[in-house]
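Beneath this line is the structure, given in structure tokens, with notes to follow.
The values are calculated or read from the model by the stated rules, or taken from the named source; none is laboratory data. All values derive from a computational prediction rather than experimental measurement. Cβ placement follows ideal geometry from the backbone for every residue including glycine, while neighbour counts extend to all protein chains displayed.
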Amino acid sequence: MVVHAVVCLERVLMSLDCPGCGSDNVRRLSLVYEDGLHAFAGDGRDAAVALGTPGLGVQLGSSKARGTIQTAASAIATPPARHSYRPGLFLMIIALALVGPILGSRLVALALFLLGAVLLGRAVRYNRTIWPDDLLRWRATFRCQRCGRSFIPATDGGGSFGISS
Ligand SMILES: [Zn+2]
């Protein structure tokens, strides 16, 4: 009962009108993203018969295509991605496995290892500290269907604030 009352109070206090043009035709950014993704899959089979001077030729072929088509609006509304650990790990593995023993240059191996460690550390720090906030901000963001402005609705009645896109 208390939770229901809090949710109702939130709806009353939260204005979903666009702060740019005042339109109430807004959508959550996550829905804009999801609605703009379309998966496709197709199979094709072809056959051809040709008669020429060397003789009769027969060609059979098949193809399969799978993928995803994304609209421009969906591409703008793409959620923040985690940073990959691969570049840092790759450099560290190269430093350990190849450069040191093969080339005998421990200084180059150490430099590559340290560079890989820095890249890995930056990715870990981003994914643990910044990315969760970016994802929460993305989930809370709405997009105006009239003017295209992205914004996070204010819940305190003090007005929404825009997000640059
Ligand atoms: Zn607007």
Some residue of the range 71-82 being modelled with pLDDT of 85 or more, within 16 Å of the ligand (Cβ to nearest atom), over 19 Å from W138 (Cα atoms) and surrounded by 10 or more Cβ atoms within 10 Å (Cβ to Cβ): no
Counted residues, the range 131-147 - those being farther than 11 Å from A77 by Cα and within 16 Å of the ligand (Cβ to nearest atom): 4
